[in-house]
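Asker: Can you read through this structure? Questions will come right after.
The values are calculated or read from the model by the stated rules, or taken from the named source; none is laboratory data. Here the structure is a predicted model, which means the values were calculated and not measured. Positions of Cβ are backbone-derived with ideal geometry, glycine not excepted, and every protein chain shown enters the neighbour counts. Note: accessible area is taken over every heavy atom of the protein model, side chains too, but ligands, DNA and RNA are not part of it. Shrake-Rupley method; radii C 1.70, N 1.55, O 1.52, S 1.80 Å.
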Amino acid sequence: MTKQTNWLNILTQCKNNIQKQITSLLKTLNQTQPDLGIGAGGDPIKQIDLSAENAIINTLKNHKISFTLISEESGVKEYGKTPQKHYVTADPIDGTTNLTRGIPFYATSIAISTKPTLNTIHTALVADLYHGTTYTAQKGKGANRNNEKIAPSKEKSLEEAVIGMDINTYKIQEIAPRLTSLIQKTKHIRHFGANALELCYMADGTTDAFIDIRGKLRTTDMAAAWLIIQEAGAKITTPEGKTLNINLDPKQNVTFIAAANQKIHKTILNLIKTKKETK
Ligand code: IPD
Ligand code: CA
């Protein structure tokens, strides 16, 4: 009988190894950084991103796992003899700007799937690398924060709700009119700068919703959080209310409305205008 891979264990090891890399690299951040080109996701690569990615690759290699890596930094790369057996979708550091500027909100995000598609993800980890909080999920087994079960909030009032919203885009003229009606009815809008972690904050009830309709976020940033949200019992759909059915690819962008419960999800959905409505 073949031994079953303990993915949660392996992902935790990946996270611990990333943590070690970061601790030593943080000391060198004020030195001039080498030019490492542009990553697969379109952003300039930083040494700290590459080191975190290498920590993931080396941990998996140590376990003699064949896999296809889908990463924001190196793109799609195959390792081992049967790379189509496991797909590892990673944003080695989500919130790199926060990390390099000393803002204590950044994470690693890793999802394991049987195909390069969102809906085949079966194990996920998002870890807050500053505070040491780790979110995990396994398909059909719920979601945890530091090994304790999590659940989203029951908040139904938009006025009371804490709503995460990423509006970082040069195309703000296209996005803003779609969000105005929602913003007018809210009091507590937030954006912390690491979307994977912000989605987990929604999944565990810290916030009540997280919205990103920019069309700029990569699937690598939210793949792991997607399973954590599903397993926690929160909702995540397209801005039109449809199931997110997307391929895992560093060049694939995604838009979504994630919310703690059916009621608040519906309220938000009704207030967000479609592209056509604003034309
Ligand atoms: C970024 C963060 C940020 C979001 C950007 C992402 P990165 O991830 O999630 O909050 O606004 O769109 O690219 O680049 O630090 O991995
Ligand atoms: Ca990143």
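Asker: With a cut-off of at least 1 residues that are β-branched (V, I, T) and open to solvent by 40 Å² or more (accessible area, probe 1.4 Å), name the strands (runs of 3 or more DSSP E) lying wholly within the stretch 181-270.
Answerer: The qualifying strands (runs of 3 or more DSSP E) are 188-190, 253-259.
Asker: Please enumerate the residues belonging to the stretch 21-42 that are surrounded by fewer than 19 Cβ atoms within 10 Å (Cβ to Cβ), within 16 Å of ligand 2 (Cβ to nearest atom) and either under 16 Å from V76 (Cα atoms) or of a type in the set (D, E, K, R) (or both).
Answerer: The answer is I38, G42.
Asker: Tally the residues that are part of a loop (DSSP other than H, G, I, E, B) and touching a helix residue (DSSP H, G or I) at 6+ places or on another chain (Cβ under 8 Å), restricting the search to the stretch 44-75.
Answerer: 6
Asker: Right, another one. In the stretch 93-127, how many are surrounded by fewer than 22 Cβ atoms within 10 Å (Cβ to Cβ), touching a Leu at 6+ places or on another chain (Cβ under 7 Å) and not aromatic (F, W, Y)?
Answerer: 3
Asker: Still on this model: Output the residues belonging to the stretch 223-253 that are β-branched (V, I, T) and closer than 29 Å to N147 by Cα.
Answerer: Within the stretch 223-253, I228, I229, I236, T237, T243, I246 qualify.
Asker: Just a yes or no: is a residue in the stretch 84-99 modelled with pLDDT under 95, among the charged types (D, E, K, R) and within 15 Å of ligand 2 (Cβ to nearest atom)?
Answerer: no
Asker: Right, here's the next one. Please determine, by comparing only the residues of the stretch 164-180 that are open to solvent by less than 30 Å² (accessible area, probe 1.4 Å) and either assigned to a helix (DSSP H, G or I) or charged (D, E, K, R) (or both), which one is nearest to ligand 1 (Cβ to nearest atom).
Answerer: Residue satisfying both the conditions and the ranking: D166.
Asker: With respect to D212, is the statement that it is closer than 21 Å to K279 by Cα and within 16 Å of ligand 2 (Cβ to nearest atom) true?
Answerer: Judged against the criteria, D212 is a match.
Asker: Considering I70, I10, I45, I18, which residue is without any contact (Cβ under 8 Å) to a residue 40 or more places away in the chain and surrounded by 19 or more Cβ atoms within 10 Å (Cβ to Cβ)?
Answerer: Checking each option against the conditions leaves just I45.
Asker: Could you tell me whether L227 is of a type in the set (A, V, I, L, M) and within 15 Å of the chain's Cα centre (by Cα)?
Answerer: Answer is yes for this residue.
Asker: Identify the residue in the stretch 234-266 that is within 13 Å of I211 (Cα to Cα) and of a type in the set (S, T, Y) and, among all such residues, is nearest to the chain's Cα centre (by Cα).
Answerer: So, considering only residues that are within 13 Å of I211 (Cα to Cα) and of a type in the set (S, T, Y), the one nearest to the chain's Cα centre (by Cα) is T255.
Asker: Restricting attention to the stretch 48-67, and to residues there that are surrounded by 19 or more Cβ atoms within 10 Å (Cβ to Cβ) and away from ligand 1 (no atom under 16 Å from the Cβ), which single residue is nearest to D91 (Cα to Cα)?
Answerer: The selected residue is I57.
Asker: Ok, one more. Sort through T255, T237 and tell me the only one that's in contact with an Asp or Glu (Cβ under 9 Å, 6 or more places away or on another chain) and either closer than 17 Å to R178 by Cβ or at pLDDT 95 or above (or both).
Answerer: T255
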